[in-house]
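Novice: Can you keep this structure in mind? I'll have questions shortly.
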Amino acid sequence: MRRIVAQRKLATLVVTVFIPLLASTGVAQNLPKEQCSLAVVSRLVGSDQRVCDSKVVQEMAQHGHAFEQNQLGIASILAIGPDYSEKEAVKWFEQAAQRGYAPAQVNLAVMNANGWGTSTNYGVALRWLRAAADQGFARAYYNLGILYLWGQGVRQDNAEAFSWFKKGAEGNDSDAQTNLGYMYDQGLGCTRSATTAASWYRKAADSGNPLGENNLADMYLKGEGVTQDNAAAFRLFEKAAAQEHTGARIKLGYMYAEGVGTPKDPEAAYVWITSASLGGDARGRDLLPSLEALLSPQQISTARERARRIVFERSEQLSAKALSQ
């Protein structure tokens, strides 16, 4: 049987959806008393937050409402509309961060750490992450873990990274749970334990985290920390693949090609490996010629179209979900 390449990975520095229920203050008499999300942002992230007209959100932001300022920052970093830009995002995140709004503090930190709309400045990033961490915001714990893990703006320290990931994981941040699983998986900053790693991957996977799903699937595939189960691995890779995890798409393609954990389906294999390639991950392309030999020209054309739909229909939504509300 062709070897299925499976590799567990670590989540990197990001901002992710978290919708805290914070009360607004200083509401002008003619403005809504509840928080208002921009319609396009709410649609992309699947939020049930009250939606308001963009003019209303702009007015509330200008009156100092942190939630709405952060909403405009999200719209700006996504470049939704001609007047938005990364620099505008920094401006809005900074205003909300200075009002003590933890999600905006994290967003502003990540902008500074990545040099988006501003010069790269890890000192500023650390200051805002610590401000959000002081409020018990789990996403801040997670990002601090990333900085210590890679030694970005701080001395590299696996034990410190482990400590921050643990705080974030216990605060139900699914990326922190995934990374805590990885730390146990690899024995970084802690004693190695495949069983404990699998338990944290499972918590992340249960929250729908694609990397957690991918990593747990890999453990099922290899029988590490869990009982070996190809069918369980297939189901988890399938979930991660549907969320644009390209590694999971490649593994899913191989499983369809070889009939591991699922009946053989060369057309489905072609779809998933092609979708990974369109997503910038070409590691499975060596399998495509052998799959093409099993498919008709019409099947190949149909599979390519399915792959394009899988990739491009989700890209905008997932970009929006990389921002903290």
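The values are calculated or read from the model by the stated rules, or taken from the named source; none is laboratory data. Just so we're clear, the structure is a prediction, and the values are computed from it rather than from any experiment. In this analysis, Cβ positions are derived from the backbone assuming ideal geometry, glycine residues included, and neighbour counts consider all displayed protein chains. Calculation scope for accessible area: heavy atoms of the full protein, side chains included, ligands and nucleic acids excluded. Shrake-Rupley method; radii C 1.70, N 1.55, O 1.52, S 1.80 Å.
Novice: Just give me the residues in region 114-132 being part of a helix (DSSP H, G or I) and open to solvent by 10 Å² or more (accessible area, probe 1.4 Å), in sequence order. Don't jump to the end; show me each part of the working.
Specialist: As a first pass, look at region 114-132 and keep what is part of a helix (DSSP H, G or I): 114, 122-132.
Once the filter is applied, which keeps residues that are part of a helix (DSSP H, G or I) and open to solvent by 10 Å² or more (accessible area, probe 1.4 Å), region 114-132 yields Asn114, Tyr122, Gly123, Val124, Leu126, Arg127, Trp128, Arg130, Ala131.
Novice: In addition: When only residues in region 265-283 that are part of a helix (DSSP H, G or I) and among the aliphatic types (A, V, I, L, M) count, which is nearest to the chain's Cα centre (by Cα)?
Specialist: Looking at the filtered set, the residue picked out is Ala276.
Novice: Look through Ala242, Ala194 and report the one residue that is at pLDDT below 95, open to solvent by 20 Å² or more (accessible area, probe 1.4 Å) and small (Gly, Ala, Ser).
Specialist: Numbers: Ala194 fails: at pLDDT below 95.
Ala242 is the lone residue from the list that is at pLDDT below 95, open to solvent by 20 Å² or more (accessible area, probe 1.4 Å) and small (Gly, Ala, Ser).
Novice: Do any helices (runs of 4 or more DSSP H) entirely within region 151-264 hold 2 or more residues that are β-branched (Val, Ile, Thr) and under 19 Å from the mean Cα position of the chain (by Cα), and if so, which? Even if it seems obvious, please write down each step before you answer.
Specialist: Values: elements: 158-170, 174-186, 194-206, 210-222, 230-242, 246-258.
Once the helices (runs of 4 or more DSSP H) in region 151-264 are filtered for at least 2 residues that are β-branched (Val, Ile, Thr) and under 19 Å from the mean Cα position of the chain (by Cα), what remains is 246-258.
Novice: Starting from region 61-73, take each residue that is surrounded by fewer than 24 Cβ atoms within 10 Å (Cβ to Cβ) and list its partners that are not in a helix (DSSP H, G or I), counting only C-beta distances under 9 angstrom and pairs at least six apart or across chains.
Specialist: Partner pairs satisfying both residue conditions: His63/Gly26; His63/Val27; His63/Ala28; His63/Leu31; Gly64/Thr25; Gly64/Gly26; Gly64/Arg99.
Novice: Run Arg139 past the list (1) more than 29 Å from Ser275 (Cβ to Cβ); (2) among the basic types (Lys, Arg); (3) touching a residue at least 40 places away in the same chain (Cβ under 8 Å) and report the number of the one that doesn't hold.
Specialist: The single condition Arg139 does not satisfy is (1).
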